[in-house]
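> Before I ask anything, here is the structure I am working with.
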Amino acid sequence: MQERGSFTEEPEGSRGERDERRCSCGSKVSLVTASSIPVLPSVRRFPSPFDLSSMSSRPPRAVTVAETAEAAVDDPEEVASAVQMIISNSTARRSLGYLSCGTGNPIDDCWRCDPDWHLNRKRLADCGIGFGRNALGGRDGQYYVVTDAGDDDPVTPRPGTLRYAVIQDEPLWITFERDMVITLKEELIMNSFKTVDGRGANVHIANGACITIQDITNVIIHGLHIHDCKPTGNAMVRSSPSHYGWRTMADGDGVSIFSSSHIWVDHCSLSNCADGLVDAVVGSTAITISNNYFTHHNEVMLLGHSDSYVRDKSMQVTIAFNHFGEGLIQRMPRCRHGYFHVVNNDYTHWEMYAIGGSANPTINSQGNRYLAPTDPFAKEVTKRVATDASVWKSWNWRSEGDLLLNGAYFTPSGAGASASYARASSLGAKPSSMVATLTSDAGVLSCRAGAQC
């Protein structure tokens, strides 16, 4: 039984410490003297509040960019093919009637048919696909129930708050006692091995700062409304029990992923933030962005720090079963350097373009549905940003089995433009005609204990 605002299982130990801090999109941060608090005991009641009398000379060790790059796989085509096999098998089981509630979406079919999902929450961690499939989140730790929607002090967060939970060193699976609107005063700087699981409650991170995943590993974000995120900063913010530091201004992303690996963002609803809805930069890799509903935003998703930041060649991202909906303009995503598998998404709105890139990214678009806007000058799905055709013609951008509607067209290049091109596996994405079914529940789900989610 989960005790409110407290731990409920014995954790395995402390992981995911960090040192030098930067804010999203690379702004450097000056560190100040770090304050220390006792490591939380494994008890089933709140530990004592922060003890700021003990001082630490330096913050914990960070996950380095080189270590993050090690999470990249040698052959991304194998992962893309594995995703296709999983999707194919899931939809085949559905057609044969093996899953009474199944949609053919392999992530959802892995856990949603269980009416006791609330008793088996951690099963979710075994349901990932694609490059972020190995994200453990807090699977091997305790549950922690957020009971307090407040965020009065980003340096000394109260026990029971979301900020208090996400900064802890040990793995935690974080849930919510009730419906909440959490308005963060400063960036929510997460620590490694955390799951933030909004299922069973209506949880909004809104009207303030939002989520920063920086120099860490193994994070799952599931079932949150993230919207109206604002730039914040020039303030002290705690990032672990033993460290806080000065943060310069952040951009106001919904989810900012900076030099981190094994990250999975699933079934969130994101809209109307100051900068990006989901941005991943500075060597981040092993990421899956799935089942989300994106609306009312300009620059939706940036994947890659800059054209000159070549360490992003190790970036590998799966973008699957998302609905890119009303009020979107561009960057769904906008990519640099890495490998990006865009599979079985529903693009119903864009005003400029859907998928863009520079610095020779690989774009593997499979089984998506692209519905072009009425503007005759915005029919193209793809955009090579500030690059001459003599350069981008060798980039590997390919479209396979995509449904192009209302005059939409995808401009392939490189190996993707060759009629003789063949993938390592002949398994294709699910037919684009199935996209409506596969993405029908994109965004936050309405889940209640004792019923299928």
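The values are calculated or read from the model by the stated rules, or taken from the named source; none is laboratory data. Remember, it's a predicted structure, so these values are computed and weren't measured experimentally. With ideal geometry, Cβ positions are generated from the backbone for all residues, glycine too; neighbour counts draw on all protein chains shown.
> Of the residues G407, G450, G416, G428, only one is at pLDDT 95 or above and of a type in the set (G, A, S); which?
From the options G407, G450, G416, G428, the qualifying one is G407.
> Strands (runs of 3 or more DSSP E) wholly in region 184-224 with at least 2 residues that are of a type in the set (S, T, N, Q) and either closer than 17 Å to S271 by Cα or not assigned by TED's automatic domain parsing to the domain that holds G128 (or both) - which ones?
In region 184-224, 211-214, 217-222 are the strands (runs of 3 or more DSSP E) which contain 2 or more residues that are of a type in the set (S, T, N, Q) and either closer than 17 Å to S271 by Cα or not assigned by TED's automatic domain parsing to the domain that holds G128 (or both).
> Let me ask you something else. Picking from T387, T348, which residue would you name as being closer than 17 Å to L303 by Cβ and either touching a helix residue (DSSP H, G or I) at 6+ places or on another chain (Cβ under 8 Å) or in the same structural domain as A436 (by TED's automatic domain parsing) (or both)?
It is T387.
> So how many residues does region 145-169 have that are without any contact (Cβ under 8 Å) to a residue 60 or more places away in the chain and either aliphatic (A, V, I, L, M) or not assigned by TED's automatic domain parsing to the domain that holds N218 (or both)?
4
> Let me ask something additional. From the residues in region 68-82 that are over 19 Å from the mean Cα position of the chain (by Cα) and surrounded by 14 or more Cβ atoms within 10 Å (Cβ to Cβ), which one is nearest to A280 (Cα to Cα)?
Restricting to residues being over 19 Å from the mean Cα position of the chain (by Cα) and surrounded by 14 or more Cβ atoms within 10 Å (Cβ to Cβ), the top hit is E77.
> If G104 passes every condition in (1) touching a Ser or Thr at 6+ places or on another chain (Cβ under 7 Å); (2) under 25 Å from T217 (Cβ atoms); (3) not in a helix (DSSP H, G or I) but one, which one does it miss?
(2)
> Check S239, S308, S256 and return the single one that is part of a loop (DSSP other than H, G, I, E, B) and farther than 25 Å from W111 by Cβ.
S308
> Give region 107-125 a look and list any residue that's outside any helix (DSSP H, G or I) and of a type in the set (K, R), or say none.
Once the filter is applied, which keeps residues that are outside any helix (DSSP H, G or I) and of a type in the set (K, R), region 107-125 yields only R112.
> Among (1) closer than 22 Å to E67 by Cβ; (2) surrounded by fewer than 24 Cβ atoms within 10 Å (Cβ to Cβ); (3) hydrophobic (A, V, I, L, M, F, W, C), which single condition is W246 missing?
(1)
> Then there is this: Report the residue count in region 141-166 for those that are of a type outside the set (D, E, K, R), under 12 Å from V237 (Cβ atoms) and surrounded by 21 or more Cβ atoms within 10 Å (Cβ to Cβ).
Going through region 141-166 one residue at a time, the tally reaches 3.
> Considering only region 313-335, how many residues are closer than 20 Å to T382 by Cβ, over 17 Å from the mean Cα position of the chain (by Cα) and not small (G, A, S)?
Residues meeting the conditions: 3.
> For residues in region 126-174 being assigned to a helix (DSSP H, G or I) and in contact with a Lys or Arg (Cβ under 9 Å, 6 or more places away or on another chain), which is nearest to S81 (Cα to Cα)?
D126
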